[in-house]
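As structure tokens, the structure follows; a few thoughts come after it.
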Amino acid sequence: MLTKPKLDQAEGLRRMVSPRPVQVIAVTSGKGGVGKTNLSINLSIAMAQAGKEVLVLDADFGLANVDVLLGLHASHTLSDVLDGVRTLEEIILTGPSGVKIVPGSSGMQRMAGLSSLEQAGLIRAFSELGNRIDVLLIDTAAGISDSVINFTKAAQEILVVVCDEPASITDAYATIKVLNRDHGVHRFRIVANMVQNAQEGRDLYCKLLNVTDKFLDVQLDFMGAVPFDDFLKRSIQRQKAVVEVYPRSKAALAFKTLAQKADKWPVPQNAGGHVEFFIERLINSNQEMEASL
């Protein structure tokens with residue numbers, strides 16, 4: 001057995017790489033079936049088309065499907081990296097416009113039980129990638145599982161996808177409530193998905209805002225609306241991103257507008273803006289959750 005170093009060795013690792021601030025965005029929804037993963041895919045490609053180096057982490061460890069939606073095949077996943085049989089570089093897939101994808105794996109509890117050596121290795125792997133990426137976009141699972149909470153609270157930006165269904169609004173509110181009251185998160189960015197027009201999207205945002213204003217201490221920023229679009233359905237059937245195959249469609253233009261807005265979000269310039277700090281926060285969040293059980 002190898003002697004296992006303490007986690008504070010990560011401090012030494014930080015000094016080995018050239019710091020580069022990375023924008024970390026978690027995309028979540030509360031309820032499934034609201035188009036969250038499609039939004040994640042198209043947003044990441046739109047940002048890449050605008051000149052960003054983007055890495056997508058498929059964090060839906062139960063139903064990971066970013067690769068499937070893009071017609072890609074993942075031979076290995078993050079579990080193989082944690083098991084030491086593959087490096088992070090070896091499992092990464094390349095998607096449209098050069099977007100890099102870390103395929104999802106099963107077993108979130110694996111993250112909670114990492115040894116110090118494994119923790120240091122994972123931090124090193126992501127920090128080395130951090131020198132070559134501008135945006136880390138995390139496609140979380142639906143719901144408010146431990147995995148979703150840990151990924152979202154470790155991110156700098158939380159993008160909540162909601163559609164005009166009572167269950168979607170209720171579940172989005174529940175996610176915001178848990179993150180706010182239990183984890184001290186105060187700002188969320190809202191996207192209305194699958195709406196008929198811009199006004200319907202604004203109305204949907206206002207419904208959610210009216211509830212949060214009454215009961216929570218949060219700031220909700222409206223990022224816009226993505227319309228119903230037959231071209232989006234066609235792109236899904238073709239296992240392609242709509243911004244790639246139907247770039248002038250209404251949905252594609254909405255995703256590009258969202259990417260332009262995201263490009264203006266502030267990126268922390270201090271140490272907390274570096275990708276290895278995100279991984280450390282994620283590991284610590286999982287260990288804290290495990291210790292409380």
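Bear in mind that the values in this text are calculations on the coordinates, not laboratory data. Just so it is clear, the structure is predicted and the values come from calculations on it, not from any experiment. Here the Cβ is made from the backbone with ideal geometry for all residues, glycine too, and neighbour counts use every protein chain on show.
Please list, ordered by chain and number, the residues whose modelled amide H lies under 5 Å from the amide H of residue 221; skip anything fewer than 5 residues away on the same chain.
It is 188, 189, 190, by chain and number.
Please report, in debye to the nearest 20, how large the charge dipole of region 45-89 is about its Cα centre when each Lys and Arg carries +1 at its beta carbon and each Asp and Glu carries -1 there.
Charge dipole, region 45-89, about its Cα centre: 120 debye, nearest 20.
Can you give the extra length, in nm with one decimal, that the chain gains between residue 228 and residue 181 once fully stretched, where that is 0.36 nm per residue apart less the Cα-Cα distance?
Working it through step by step, the gained length comes to 13.6 nm.
Tell me, what is the FRET efficiency for residue 214 and residue 263 to the nearest 0.05, using R0 = 45 angstrom and their Cβ-Cβ distance as r?
That pair, residue 214 with residue 263, gives E of 0.85.
Which order do peptides 33-39, 166-172, 177-183 fall in by mean Cβ count within 10 Å, highest first?
Packing proxy ranking, top to bottom: 33-39, 166-172, 177-183.
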